[in-house]
1. Under 1.5 on a/c is rounded, so check that first for the stretch 2-100, then, if it is not, pick prolate when a/b is larger than b/c and oblate when it is not; a ≥ b ≥ c are the square roots of the alpha carbon gyration tensor eigenvalues.
2. Output the 0 to 90 degree angle, nearest 10, between the alpha-carbon long axis of helix 2-28 and the longest principal axis computed from the alpha carbons of the chain.
3. Could you tell me how far the Cα centroid of the stretch 20-41 sits from the Cα centroid of the stretch 50-102, in Å?
Amino acid sequence: MAKQQVSTDKLMHDLRLVMEDAEALLNATAGQAGEKVSEVRAKAEDSIRAAREALAGAGDEAMERTREAVASADEYVRENPWAAVGIAAGVGLVVGLLLSRK
């Protein structure tokens, strides 16, 4: 699940960069005249607008999933405090062993 989140975060970051580059290109060609240029600019502006809306929706969805995961983890820890301590200790031990090998 964490790997999927990293991939999603990277994809969203890359999409933001592409949108910024596209906007910069649109700004740089603002003075260009011609029917074809105007048509392409209009399509690009529509695409950027749609991408912004999709990106905002994806961010809201990710926040909601994060809230649900936190609530679920909080509930589990409150119901099973000693199990949570044991899991945390085990994870800490594994991370410590992995880090000490390098």
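1. Judged from the Cα gyration tensor, the stretch 2-100 comes out prolate (a/c at least 1.5, a/b above b/c).
2. Result, in degrees: 20.
3. 43
Read-outs: derived from the displayed coordinates by stated rules, not from any lab. From a predicted model like this one, the values you see are computed outputs, not experimental measurements.
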